[in-house]
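Here the structure comes first, spelled out in structure tokens, and everything after it is commentary.
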Amino acid sequence: MSQASALARITSDPIFTLFTKLLSVPAPSGYETQIAAIVRAELDALGYAHTTDSAGNILVRLAGRDSNAPLLCLASHMDEIGMVVTNIEADGTLRVTRSGGLYPWKQGEGPVEILGDFGSIRGILAMGSTHTATGTKAIEWPDVRIITGLTPAELAAVGIRPGSAGVPGREVCGPVILGNPADPLIGAWTFDDRMGVVALLRLLSLLHEKSQQAQRPTLIAFTVNEEVGGLGAKIVAARERPETFIAVDGSPMPPGAPLKLDGRPGIWAKDRLAPYDQALLRDLCAAARAVGTELQPVVFDSAASDASLVLAAGLTQRIACFGHVRENSHGYEVARFSVFENTIKTLFQFVTTWTN
């Protein structure tokens, strides 16, 4: 296969196409409206009934072949890390702090979009001149400002105020394809957790295409506000009380983690909040092997997922978290493209066969 044919195959793949669509809209925590509209449109096109609760979580209910089995919840969050306006200065410059785990050195200088009550504006994230004696200074959020070119009155007319959220300009977010087109890497500004959303939408698509049912009653949840404490997932779990809660999310690669960008998804064995259900981990690993791949177990000291946040709140009994392995977490992330297909195949196998 020529390089051109290989690239055409990737860019026409439904996974890549859907990811690109989701990446094209901003979705900082608390501002998931635009991405939620895309998710609902995809569900409508597939013919799935869905509801949206008052918090903004989108829910799809699958009856399951064994209607008496305990409820399984599969969840992916729609929000992304970002910035929040803290102050508007006299010249229209914005001061900001982080929303979720974003650091200014990860964001870097460049175009940003600030979401107001009545519209959005463009700005440039600025960190000042390097023509000083403090060029090696660690940059913190108090050192960062957004140049808008607008007056406070003009900002107010768009509804820009303290609490308005900001994200990188969509034109810098990707995705980009790199490496060997036969087995490429994909780079983008935070897969977290748009690729989890893609995985659940593709799971639903496969169930529809193959006329398959979930083995047990299953709740598919597209949640809000994960990056600021798993708030949407906690609301869902408190109301629905699933016995088992699985977050479909990525696995970052901190120093020393035994993870490879080789197409195998990662699965969390423990994080800073809780150990994961080891029997469930083994069942998910078995599902992966059944479809010709493997899961990479990993332990995290400083991460948490929707699943462990829900367990720590006492809202479920068994948890797992698995999905793509990604480098540069909470930044311009990189993953092996094949890992997304392997995640989806594992999900399909697990959901249609799991009886434990």
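Excluding same-chain pairs closer than 8 in sequence, count the lysine pairs in the chain whose Cα atoms lie under 21 Å apart. Numbers along the way, then the final one.
Values: K106/K137; K210/K345; K234/K270; K260/K270; K260/K345.
Number of lysine pairs found: 5.
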| task | Sum up the charges of everything whose Cβ sits under 12 Å from the Cβ of T352, counting Lys and Arg as +1 and Asp and Glu as -1, but leave T352 out. | result | +3
| task | Of the listed values (1) 30, 56, 14, 0; (2) 31, 59, 10, 0; (3) 27, 54, 19, 0, grab the one calculated as P(r) over Cα pairs in 20 Å bins from 0, in percent from the structure here. | result | (1)
| query | Taking Cα centroids, how far is region 72-151 from region 315-349 in Å? | reply | 27
| field | T11, T130, T223, T93 arranged by Cβ crowding within 10 Å, fewest neighbours leading | value | T130, T11, T93, T223
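How would you classify region 82-171 from its alpha-carbon gyration tensor, with a ≥ b ≥ c the square roots of the eigenvalues: rounded for a/c under 1.5, else prolate if a/b is greater than b/c, otherwise oblate?
On the way: a/c = 1.99, a/b = 1.55, b/c = 1.28.
Verdict is prolate for region 82-171.
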| task | Using a cut-off of 13 Å between beta-carbons, work out the net charge of the residues near A313 (Lys and Arg +1, Asp and Glu -1, A313 not included). | result | +2
| request: Could you pull out every residue, at least 5 positions away or on a different chain, whose amide H is within less than 5 Å of the one on H77? Hs are placed 1.01 Å off N in the peptide plane, and Pro or chain starts have none. | output: T223
| message | Can you tell me, using C-alpha contacts under 8 Å and at least 6 residues apart, the relative contact order of the chain as a whole percent? | response | 22
| request: Give the relative contact order (percent, whole number) for region 82-171; include only Cα pairs under 8 Å separated by 6+ residues. | output: 44
| In the chain, with Lys and Arg counted as +1 and Asp and Glu as -1 at Cβ, which of these residues, P275, F191, Q215, has the Cα nearest the positive end of the dipole, that is, farthest along it? | Q215
| field | Difference of contour (0.36 nm per residue) and Cα-Cα distance, N328 to A286 | value | 12.3 nm
| Value of [θ]222 nm, deg cm²/dmol, for the chain, DSSP H segments ≥ 4, -39500 (n - 2.57) each, nearest 500 | -9000 deg cm²/dmol
| remark: Going from the fewest other Cβ atoms within 10 Å to the most, one would list Y276, Y48 as Y48, Y276
| request: Binning at 10 Å from 0, report for region 140-274 what percent of all alpha-carbon pair distances ends up in each bin. | output: 8, 25, 32, 24, 10, 2
| Quick one: Cα convex hull volume of region 31-106, Å³ per residue? | 156
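Computed from the coordinates by the stated procedures, all read-outs in this text should not be read as laboratory data. Source: prediction; values computed, not measured. As a convention, Cβ positions derive from the backbone with ideal geometry for all residues, glycine included, and neighbour counts pool all protein chains shown.
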